[in-house]
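Please read the structure below before turning to the comments.
Readers should treat all values here as calculations from the given coordinates under stated rules, not as data from a laboratory. What you see is a predicted model; the values in this text were computed from it and never measured. A quick note on method: Cβ atoms are made from the backbone with ideal geometry, for glycine too, and the neighbour counts reach across all protein chains shown.
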2 protein chains.
Amino acid sequence: MPGPSQDQISAVLQHVDAGMDESLARLFDLIRIPSISTDPAYAPECLKAAEWLSHDLAEIGFDASVRTTDGHPMVVAHQREVTGPHVLFYGHYDVQPVDPLTLWTSDPFEPRLEALPNGDTAIVARGSSDDKGQMLTFVEACRAWKTVTGSLPINVSILFEGEEEAGSPSLAPFLDKTADELKADAVYVCDTDMWDRNTPAVTTMLRGLYSTEMEISGADRDLHSGMFGNAARNALQLLSDVIASLRTADGGVAIEGFYDGVQDLPAAVKAQWQRLPFDEKGFLSDIGLTIPAGEAGRSILEQVWARPSCEINGISGGYTGEGFKTVIPAKAMAKISFRLVAGQDPGKIRDAFKAHVAARIPADCSVTFKDFGLAPATVMPLESPFLTKTLGALSEEWACEAALAGTGGSIPIIGEFKRRLGCDALLVGFARFDNRVHSPNEKYDLSSFHKGIRSWVRILAALAS
Amino acid sequence: MPGPSQDQISAVLQHVDAGMDESLARLFDLIRIPSISTDPAYAPECLKAAEWLSHDLAEIGFDASVRTTDGHPMVVAHQREVTGPHVLFYGHYDVQPVDPLTLWTSDPFEPRLEALPNGDTAIVARGSSDDKGQMLTFVEACRAWKTVTGSLPINVSILFEGEEEAGSPSLAPFLDKTADELKADAVYVCDTDMWDRNTPAVTTMLRGLYSTEMEISGADRDLHSGMFGNAARNALQLLSDVIASLRTADGGVAIEGFYDGVQDLPAAVKAQWQRLPFDEKGFLSDIGLTIPAGEAGRSILEQVWARPSCEINGISGGYTGEGFKTVIPAKAMAKISFRLVAGQDPGKIRDAFKAHVAARIPADCSVTFKDFGLAPATVMPLESPFLTKTLGALSEEWACEAALAGTGGSIPIIGEFKRRLGCDALLVGFARFDNRVHSPNEKYDLSSFHKGIRSWVRILAALAS
């Protein structure tokens with residue numbers, strides 16, 4: 001299939017460059033709608049943002065509509081007029097609350113441009129980066145293609161949700177209901193950071209998550225250690241024993257079967273990661289540490305992107321106030337979470353963890369669990385042409401090798417696309433580390449917006465070839 | 001040395017029996033003085049109680065005086081007129097606060113008699129047991145000897161303090177200042193419980209204490225486990241590893257040198273403890289447990305009275321509220337205490353513990369300690385004639401073998417008598433488990449008071465022989 005010619009691509013890119021004022025004006029319009037999803041008072045604003053987007057997409061030829069849900073509405077749009085692949089683009093129009101308002105240097109919903117010391121310009125406003133600025137990079141790229149050539153290089157569906165900052169409660173049921181309509185060859189999400197200021201990144205590897213709260217009970221009440229010390233089981237000692245037993249001496253996880261199905265990193269990925277400008281020492285020294293705590297013999301990137309983990313997120317028990325009480329606590333609680341990688345079955349990990357703990361609880365003590373998250377890891381296959389072409393297009397725009405990134409974090413919606421639509425997802429974003437996302441004075445760099453649009457112009461072309 | 005004759009003893013006991021109303025009236029007088037030591041508003045009442053005691057002791061021939069301190073005053077009294085041993089008797093005239101007042105069924109400082117279901121009668125009032133009732137058992141015994149025979153069988157000094165419920169801040173300096181005056185052959189303290197309702201007990205073995213708060217620090221801030229999980233040290237995992245390393249698999253303490261100097265229980269004591277009506281299963285089932293957690297092969301009494309312990313009294317760190325935060329905590333805190341036995345040097349235990357922990361902290365993490373208590377164990381030698389004679393006198397009065405008890409708890413004042421005066425102490429008390437000491441509706445059984453006085457009559461006689 002012949003894609004757009006180099007001349008066509010150049011013409012579209014020139015159109016983008018020439019139309020930046022208009023693109024920015026449209027972004028400002030969208031930002032001015034205070035679509036805070038977690039505060040019911042702003043529900044009308046969420047609807048307004050959805051309608052604005054639907055209208056904007058219709059203007060550039062999409063079959064666009066606002067779809068109601070039990071929460072804030074979805075925007076769904078299609079433009080499927082060519083032979084070729086079909087991608088689903090996802091973004092979210094809702095934004096975080098703005099408190100504390102006093103820390104903002106200007107109205108969060110009146111975007112303003114601010115010169116940055118590095119010569120770039122910042123768009124300062126709530127949602128400028130997360131996710132209004134990012135999602136419009138894709139929309140503006142579509143607009144440019146449509147305006148210059150009359151059509152998009154590939155078939156595109158769009159899904160914008162309005163509850164991402166509120167945990168996306170309506171997404172899974174909506175995907176189930178619209179699976180036939182939204183199913184595509186790949187999903188693109190624009191809600192992530194670049195590798196660094198100059199290096200774009202495609203994230204294809206997300207760790208899954210199992211999180212639980214465990215409570216161990218010993219005696220039926222707190223006891224005085226003078227009267228009972230030694231004879232009565234100490235719930236905090238038992239909890240510590242159990243937690244210590246979760247790890248091996250060389251930084252691994254000691255639960256039986258924990259690494260079943262976990263593959264070693266493919267050589268190609270390992271090589272790409274080694275080429276990344278990543279400073280292990282700097283990564284640790286930034287947080288006041290010098291010694292990697294994970295599995296011996298594996299790089300830090302491998303530890304945080306490609307290896308499963310077990311973390312203790314909280315412990316409480318006994319007397320922890322001022323002074324001292326020589327109490328033997330009856331109960332001890334720990335919050336524990338596991339980051340999971342491809343090949344691990346979250347349910348099996350949950351069961352293996354609980355069996356590991358139960359085997360270490362004496363017969364006169366007990367343990368209960370309260371589970372929170374349970375989500376598998378997601379990985380886009382390396383051999384996917386979507387991945388190869390996207391990396392190539394990004395490398396061309398930014399004139400350097402795009403990073404093939406993992407992320408240690410878990411993004412539940414990615415799992416939903418895989419589970420509900422059967423689609424792998426690629427995360428391509430142009431945000432930068434210092435964008436103060438979720439914080440006062442959130443910003444998006446003008447270069448992120450501009451070169452983001454240009455990047456999508458090239459990606460759409462590359463996917464057509 | 002010939003002690004008092006059996007006829008003399010009988011006459012004194014009869015005098016006690018016949019004078020119970022007057023004894024009780026004196027106790028009521030003392031109870032009516034609300035000598036709460038922790039509330040400065042009651043300082044005049046503390047002085048009044050001290051003066052009441054000094055006056056009462058002078059009435060029965062003691063050279064008694066109120067001595068000022070930086071806190072509440074001491075009462076010191078002597079009656080050293082015979083050839084024979086010299087004992088120092090200790091008690092405290094101060095009482096606990098009475099809140100919450102609403103839970104009292106009558107005025108805490110207006111003592112009343114209440115019939116108990118077991119046929120006994122309770123004296124209900126703050127201080128009835130702790131320690132006004134207990135201390136007057138000794139004073140009333142002295143009064144009876146003095147009234148009937150004109151003298152005490154042995155030489156007696158008395159020390160009553162008014163700050164026991166406030167941590168005895170003035171005791172150590174006062175003992176230092178008056179060491180020559182107060183030094184005796186043995187110290188008797190009447191502030192403990194009987195073994196059970198019918199079995200008296202002498203406590204001669206008190207565990208010492210080292211308590212400390214340990215804070216482990218990893219990264220310089222809390223981290224997101226998605227971004228840093230595996231690579232960054234988790235302070236709570238490290239804390240748990242350290243705590244788990246403190247114990248051996250068979251219930252012992254794993255710190256190097258921890259058991260240095262610890263002697264096995266003498267065979268005679270072991271035999272006596274085996275004869276005690278002590279129900280191991282009941283001891284544990286009372287607190288909802290069935291498996292002794294201490295060193296394998298040692299009885300529960302041995303574990304709680306005669307073996308050192310290591311207890312985790314509190315842990316905090318990370319996120320412990322509702323829901324879940326996948327945080328890698330930068331800091332983790334534990335409160336840890338050690339009960340110590342004879343032969344253990346508290347300073348060495350402290351240093352060995354800190355070295356044990358420090359050896360397990362990676363080079364990029366750190367640990368700090370904030371020490372609280374540090375007190376050695378105290379043990380009255382078994383071969384002491386004071387102990388033998390006291391046990392004999394008690395066994396006679398109560399018509400059963402008196403228990404030779406240890407206590408897992410630490411009573412700092414006992415350590416002070418040993419350290420400042422060089423005196424071993426015997427704890428002989430007639431309180432019962434259900435006396436609600438420190439709680440609303442505190443009570444002292446009339447039989448505790450009556451047979452307590454009779455017990456001291458016999459002990460004073462026995463010590464003279």
Problem set entry | Environment charge of A:L421, counting only residues whose C-beta is closer than 13 Å and scoring Lys/Arg +1, Asp/Glu -1 | -1
Problem set entry | Dipole axis of chain B (+1 Lys, Arg; -1 Asp, Glu on Cβ), positive-most option in B:G252, B:I361, B:I336 | B:I361
Exercise. How many angstrom separate the Cα center of segment A:10-57 from the Cα center of segment A:404-430?
Worked result: 24
Exercise. Counting only other chains, what is the mean number of Cβ atoms within 10 angstrom of the Cβ of each residue in peptide B:212-225?
Worked result: 3
Seminar exercise, completed: Partner aspartates and glutamates whose C-alpha sits under 13 Å from that of A:K270, ignoring same-chain residues fewer than 8 away, are A:E302
Exercise. Which whole-angstrom value gives the distance between the alpha carbon centres of segment A:152-170 and segment A:58-85?
Worked result: 9
Exercise. Roughly how tilted is helix B:446-464, in degrees to the nearest 10 and between 0 and 90, from the longest Cα axis of chain B?
Worked result: 80
Exercise. Considering the dipole of segment B:20-143 built from charges on the beta carbon (Lys and Arg +1, Asp and Glu -1) around the Cα centre, which of B:L113, B:S65, B:A25 is farthest to its positive end?
Worked result: B:S65
For this session: State the answer as a single residue: which of B:G392, B:F160, B:Q79 lies farthest towards the positive end of the charge dipole of chain B, with beta carbon charges of +1 for Lys and Arg and -1 for Asp and Glu, about the Cα centre.
Result: B:G392
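In the structure shown, do any of B:K177/B:K418; A:K389/A:K451; A:K354/A:K418; B:K348/B:K370 have a Cα-Cα gap over 20 Å, and if so which?
A:K354/A:K418
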For this session: Give the peptides B:115-121, B:92-98, A:232-238 in descending order of average Cβ contacts within 10 Å, highest first.
Result: A:232-238, B:92-98, B:115-121
Seminar exercise, completed: Partner aspartates and glutamates whose C-alpha sits under 14 Å from that of B:K281, ignoring same-chain residues fewer than 8 away, are A:D364
Exercise. At a Förster distance of 35 Å, what's the computed FRET efficiency of B:D7 paired with B:F278, Cβ-Cβ distance as r, to 0.05?
Worked result: 0.40
For this session: Could you tell me how many degrees, from 0 to 90 and to the nearest 10, lie between the Cα long axis of helix A:43-59 and the main elongation axis, the longest principal axis, of the Cα atoms of chain A?
Result: 40
Problem set entry | Cβ-placed point charges (K, R +1; D, E -1), dipole of the protein assembly as shown about Cα centre in debye, nearest 20 | 1480
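Once you have a ≥ b ≥ c as the square roots of the Cα gyration tensor eigenvalues for segment A:263-369, tell me rounded if a/c is under 1.5, and otherwise prolate or oblate according to whether a/b is larger than b/c.
Numbers: a/c = 3.99, a/b = 1.63, b/c = 2.45.
Because a/c hits 1.5 or more and a/b fails to exceed b/c, segment A:263-369 counts as oblate.
Would you mind working out the magnitude of the charge dipole of segment B:140-276 relative to its Cα centre, with +1 at each Lys and Arg C-beta and -1 at each Asp and Glu C-beta, to the nearest 20 Debye?
Around 480 debye, computed over segment B:140-276.
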Exercise. Using helices alone, what [θ] at 222 nm do you get for the protein assembly as shown, with -39,500 (n - 2.57) per DSSP H run of 4 or more residues, divided over all residues and rounded to the nearest 500?
Worked result: -10000 deg cm²/dmol
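Roughly how many debye, to the nearest 20, is the charge dipole of segment B:90-145 about its Cα centre, given +1 on each Lys and Arg Cβ, -1 on each Asp and Glu Cβ, and no other charges?
Taking the Cα centre of segment B:90-145 as origin, the dipole is about 140 debye.
Could you tell me whether segment B:1-94 comes out rounded, prolate or oblate from its Cα gyration tensor? Rule is a ≥ b ≥ c as square roots of the eigenvalues, rounded for a/c under 1.5, then prolate if a/b exceeds b/c, otherwise oblate.
oblate
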Exercise. What does the charge add up to near A:Q14, with Lys and Arg as +1, Asp and Glu as -1, over the other residues with Cβ less than 12 Å from its Cβ?
Worked result: -1
Seminar exercise, completed: With Cα coordinates, the longest principal axis of chain A makes an angle with the long axis of helix A:346-358, in degrees rounded to 10, of 10
Exercise. Inter-copy label distances at A:C400, 7 Å along the Cα→beta-carbon direction, one decimal in nm, shortest first?
Worked result: 8.5
Problem set entry | Within 10 Å of each Cβ in A:197-210, the average number of Cβ atoms from other chains | 1
For this session: Extending each Cα 7 Å along its Cβ direction at B:Y259 and B:S151, get the distance between those two points in nm, one decimal.
Result: 5.3
For this session: Mind putting together the pair-distance distribution for segment B:115-255? All Cα pairs, 5 Å bins, whole percent per bin, short to long.
Result: 2, 6, 9, 11, 12, 10, 9, 8, 8, 7, 6, 5, 4, 2, 1, 1, 0, 0
For this session: Return one quarter of the surface area of the convex hull spanned by the alpha-carbon atoms of the protein assembly as shown, equal to its mean projected area, in nm².
Result: 44.7
For this session: May I ask you to give the average projected area over all directions of the convex hull of the Cα atoms of segment A:227-326, in nm² rounded to one decimal?
Result: 9.8
Seminar exercise, completed: Rounded to the nearest 5, the percent of antiparallel DSSP beta bridges in the protein assembly as shown equals 70
For this session: Would you mind calculating the gained length between A:S384 and A:D99 on full extension (0.36 nm times residue separation, minus the Cα-Cα distance), in nm to one decimal?
Result: 98.4 nm
Exercise. Averaged across the residues of A:327-335, what count of C-beta atoms belonging to other chains lies within 10 Å of each residue's C-beta?
Worked result: 5
Seminar exercise, completed: For chain B, shape from the Cα gyration tensor axes a ≥ b ≥ c, cut at a/c of 1.5 then a/b versus b/c, turns out prolate
